[in-house]
Amino acid sequence: MLLRIMVVLIMAFLLACNRQPVPAYMTSLDSLEDFLQLADNDAPNASIRSVKVLLDLHTDSMYFIDSDIFPSHYEFANRYLEHTENKYDFFVGQYGEDSVRHLHMVNLSWFVEKNLFLFEFGPYDLADCAAVSKVYDRLMETTFIGYRLAFYPNVSKWEDCERIPWISPQTISFLYPYMAYNTGEAYGYLRIFDDGEKDPQADPTDIIVLTRLPFDIPLVAGIISSAPQNSLSHINVLSRNRGTPNVYIRYASENSDLQQMEGKLVHLVARANSYILEPASESDARAFWKKWQPEDQWQLSSDHSVQRLLNPSETDLCSVSAVGGKAANFSILHDMGTVPLPEGAIIIPVYYYYEHLEKNGLLPELKAILDDPLLKTDPSYRKRRLKDLRTAIMEAPVDLKLLHAIDSALHHFSDYPSYRFRSSTNAEDLDFFSGAGLYKSRSAHAEEGKAGIADAITAVWASLWSDRAYVERDFFGIDQHTVEMAILVHRSFPREEANGVLITRNPYNVNPGYQVEVHFGGTGVVRSFDDGPDEVIIYPIDLVRNRYTIEYRSKSDFGRMRSSVMSDNELAALADQARNIQERFVEVYQPDDPSAFAVDIEFKIDEVDGIRRLYIKQARPFPAGR
């Protein structure tokens, strides 16, 4: 297998190096050399090469187009096929169902490692199965590809097309030998963790190789996984926030080259289309690490003047110092009035965290721990001291007046049987610091009474001082003395139908769109699982309903189910909310470049009285990377 891959790659390289003057197009592909002459040089992945193809139904002619000369089918048709209409009229006429349509336009991609060719229509194209069959037949007649040709149905309607071979969205990710989820550069000691290590212990100067991805990962210099990831998982959001590379390399943990470098200092460069992993010198590594560390220190503010429980309507973004980032952003959503939020929401301000430490004599202990210089130089000592602090916070009694007030505000659990207590620190969900996955959430249930409320509150408060949270904040230069914890409370979702994440940005091409990853039930998309979520791009254009086009990048194989996690109508309703939330967050945050600003939205689908309902769980600025 390895020899076959090497032969194919060497052949492709030699053909590319001996490239002759490139024609603008060809009417047939008689060899791989023809294909490579036309293929894009700036492909999204070096192991995948693509050519644009156009079928003119008037003449039954095929055109294989140089993708570097013509970035779009329109530009080719405008020059060679006398299509002089503007782009909009061309789009409506040649991608729609209009009688004037006489072009079918597809992309033809070669997956080098598998030596497989896939063709796909644009997700907004209204071509039917007859058109798919027509293009397939003409590709078989005019190319050398033969049995290695298949169709990729990136929209659900094309999965019903018969007669032609196709690759499902469930399996498409396995065709990629390499994927960069976050590009960048890193120096570190290469460490390989086997399948049994669910909680890898690593240092900021490590580049780690993982067979499986856990829910969370400590601060490391870079991540290499042996299995495809969820690009919107907490791990990748953390990688973006940290500015550290995160890539998938097939069979990485079994790669002999990587195994030979285990424990050694290496240099990783992760590009969109390729990567470099090579031995590194200590001097280069130390110089890089020095630049990597932020020079400025963030002094966070805390407001102890708010000494009562709050409703979301009483706070806004200016209240971060009193209620934390998550609750402040939740209040923005609440203020919009049209966002479907979890019911029963209240906010426990940071004052009560401070009061808990003060009344139980824990403030001097906290200061002594944070001032201890060994915390920065001895990881084992730091973990032990922080664990002792967390235990003290959880074992200290909670003020009875606070417990009574919360129980009363939750109507003694008469409305809902359980409530979720969620972290909302002044170092979380901010435009400069995500803090994704650093802190705990905990549920309290009706049968537990006030004791359950107390356990939930102290567990969330104590999570402020997990080792990973401390290290992450330290890396970003946040003054640990200024960090405090508020709590956002709302009804929980013990049996939700689906949950997911939406980013108001399309990472795959220049077309405006929203990236969605959504999983069946409560299996978190922010985690990384073998079955994976549905990954969808929602485009704000549809030639029939004038609403949205939904493209499936991949589909969940959860429980071996082929149905989509969410219906088209549910995805459209989600996109409506995302558009409004994006507009509101731009107004509130006032970014320097609104076009580059994106929002990270977590959502759920819950069944209420037999009806599936959308809930927006939270929203925060999406980290732009460092």
Could you run the Karplus curve 6.51 cos²θ - 1.76 cosθ + 1.60 with θ = phi - 60° over the range 265-277 and give me ³J(HN,Hα) per residue in whole Hz, x for Gly and Pro? 6, 10, 10, 10, 10, 9, 9, 5, 10, 6, 9, 10, 9
R212 - accessible surface, heavy atoms, 1.4 Å probe, Å² rounded to 10: 120
So for the range 268-342, considering every pair of alpha-carbon atoms, how many percent are separated by more than 20 Å? 60
Between N182 and residues 5 or more places away or on another chain, the pairs with built amide H atoms under 5 Å apart involve N246
With K290 itself left out, Lys, Arg at +1 and Asp, Glu at -1 over residues whose Cβ is under 13 Å from its Cβ give -1
Low-density loop positions, GluC sites (Glu not before Pro), the range 148-231 - DSSP coil, at most 12 other Cβ in 10 Å: E162
Where does each of T549, T183 land when they are ordered by accessible area, with a 1.4 Å probe and the largest first? T183, T549
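Hey, can you rank 308-315, 479-486, 140-147 by average C-beta count inside 10 Å, highest first?
By packing density, highest mean first, the sequence is 479-486, 308-315, 140-147.
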Stokes-Einstein diffusion coefficient of the chain, Kirkwood radius over Cα pairs, 25 °C, 0.890 mPa s, in µm²/s: 92
Could you check the spin-label model distance between E82 and W289? Points 7 Å from the Cα along Cα→Cβ, value in nm. 6.9
Once amide H atoms are built 1.01 Å from N in the peptide plane, which residues 5 or more positions from S564, or in another chain, come under 5 Å H to H? none
Expected 222 nm ellipticity per residue - DSSP helices of 4 or more, -39500 (n - 2.57), all of the chain, to 500: -9500 deg cm²/dmol
Whole angstrom only: what separates the Cα centroid of the range 258-288 from the Cα centroid of the range 87-111? 45
Taking N as the residue count of the range 113-250, its alpha carbon Rg divided by 2.2 N^0.38 Å gives 1.38
Please give, to one decimal in nm, the separation of the simple spin-label points placed at E75 and A368, each 7 Å out from Cα toward the Cβ. 6.8
Plugging the Cβ-Cβ distance of E159 and E607 into 1/(1 + (r/R0)^6) at R0 = 41 Å yields, to the nearest 0.05, a FRET efficiency of 0.95
Which one of P177, P279, F64 has its Cα pushed farthest toward the positive end of the charge dipole of the chain, where Lys and Arg give +1 and Asp and Glu give -1 at the Cβ? P279
Sorted from largest down, give the three principal axis spans of the alpha carbons of the range 331-387, whole angstrom values. 50, 27, 15
Heavy atoms only, 1.4 Å probe, whole protein assembly: order S463, S380 by accessible area, highest first. S380, S463
Cut-off under 5 Å, modelled amide H: who pairs with N506 long-range: G513
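The values are calculated or read from the model by the stated rules, or taken from the named source; none is laboratory data. All figures in this text were calculated on a predicted structure; none of them were measured in a lab. Counting neighbours? That spans all protein chains shown, and the Cβs are built from the backbone with ideal geometry, glycine included. Note: areas computed on protein heavy atoms with side chains; ligands, DNA, RNA excluded. Shrake-Rupley method; radii C 1.70, N 1.55, O 1.52, S 1.80 Å.
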